[in-house]
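Everything below concerns the one structure shown next.
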Amino acid sequence: MFNSIINRSTTLVVDELKIRLIGNKDSARITAYYQKNRAYLQPWEPLRDENFFLPEGWEKRLLQLNELHKHNLAYYFVITTKDSDDIIGVINFSNLVKYPFYACHVGYSLAEAYQGKGIMHRALDVVVEWIFEEKQFHRIMAAYMPRNKRSGKVLEDLGFEKEGRAKDYLLINGKWEDHILTAKTNHNWVPPK
């Protein structure tokens, strides 16, 4: 189970990790995360405009994300430790659709320095539980490039099942990349009241 405060400043805690919705005051921290991990994340992400790596760009983006949070259209979480406010990873839920689908997509990244410590497994596990229980979603979809074995292992260990392979699925680092499509279903789903 998780410890959470359910509102626009949702915070989930697991072991030494804090997973919380990003806020308007996080522009410097999220900029630092992406600047520090720019080269490491580049093979796995879309090409980014230079504003993506600047505080000014994130200030604008955070205003948009805050509106999406407020209207339950997306959730952008950051991962920190209990001892520091430095962002070490992100998990985002997008393409949220309720009736009759009750499904969304999840994406994530983790700082290079924190790889291999089970952090993403624990953080993703708790936010998946949150979106199933608190937001009443029935299905979460995730896709990863076949060569990204770590991401595939995290999803498999968390119960995401492979559903197929999509050719030229996403434009990653300037090149169309095939992706393995996975999903996890909430077997305890009940209709929202």
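The values are calculated or read from the model by the stated rules, or taken from the named source; none is laboratory data. Nothing here was measured: the structure is a model prediction, and the numbers come from that model. Note that each Cβ is placed from the backbone with ideal geometry, even for glycine, and that neighbours are counted across all protein chains shown. Just the protein is used for accessible areas: all its heavy atoms, side chains included, with ligands, DNA and RNA removed. Shrake-Rupley method; radii C 1.70, N 1.55, O 1.52, S 1.80 Å.
Please specify each residue of the stretch 23-33 satisfying the condition of being open to solvent by less than 10 Å² (accessible area, probe 1.4 Å) and either of a type in the set (Val, Ile, Thr) or without any contact (Cβ under 8 Å) to a residue 24 or more places away in the chain (or both).
30, 31
Pick out, from the stretch 21-118, the strands (runs of 3 or more DSSP E) lying fully within it that include 3 or more residues that are closer than 16 Å to residue 137 by Cβ, of a type outside the set (A, V, I, L, M, F, W, C) and modelled with pLDDT under 95.
The strands (runs of 3 or more DSSP E) meeting that bar number zero.
Among the residues of the stretch 124-139, is there at least one that is under 16 Å from residue 163 (Cα atoms) and not in a loop (DSSP other than H, G, I, E, B)?
yes
Cβ-Cβ distance below 8 Å, separation of 6 or more or different chains: which pairs start in the stretch 42-61 with a residue that is more than 26 Å from residue 151 (Cα to Cα) and among the polar types (S, T, N, Q) and end on one that is in a helix (DSSP H, G or I) and open to solvent by 50 Å² or more (accessible area, probe 1.4 Å)?
What qualifies is 51/60.
Taking interchain pairs and intrachain pairs at least six residues apart, which have beta carbon atoms under 7 angstrom, with the first residue in the stretch 117-135 and open to solvent by 10 Å² or more (accessible area, probe 1.4 Å) and the second at pLDDT 95 or above and of a type in the set (Ser, Thr, Tyr)?
120/108
Show the residue pairs meeting these rules: Cβ distance below 7 Å; 6+ apart or different chains; first residue within the stretch 138-162 and free of Cβ contacts under 8 Å to residues at least 40 places away in the same chain; second residue assigned to a strand (DSSP E or B) and of a type in the set (Asp, Glu).
Qualifying pairs under 7 Å: 146/178.
So, in the stretch 144-193, of the ones that are open to solvent by 100 Å² or more (accessible area, probe 1.4 Å) and part of a helix (DSSP H, G or I), which residue ends up farthest from residue 44 (Cα to Cα)?
156
Residues of the stretch 75-116 being within 23 Å of residue 35 (Cβ to Cβ), surrounded by 13 or more Cβ atoms within 10 Å (Cβ to Cβ) and of a type in the set (A, V, I, L, M), which ones?
78, 79, 87, 88, 90, 91, 110, 111
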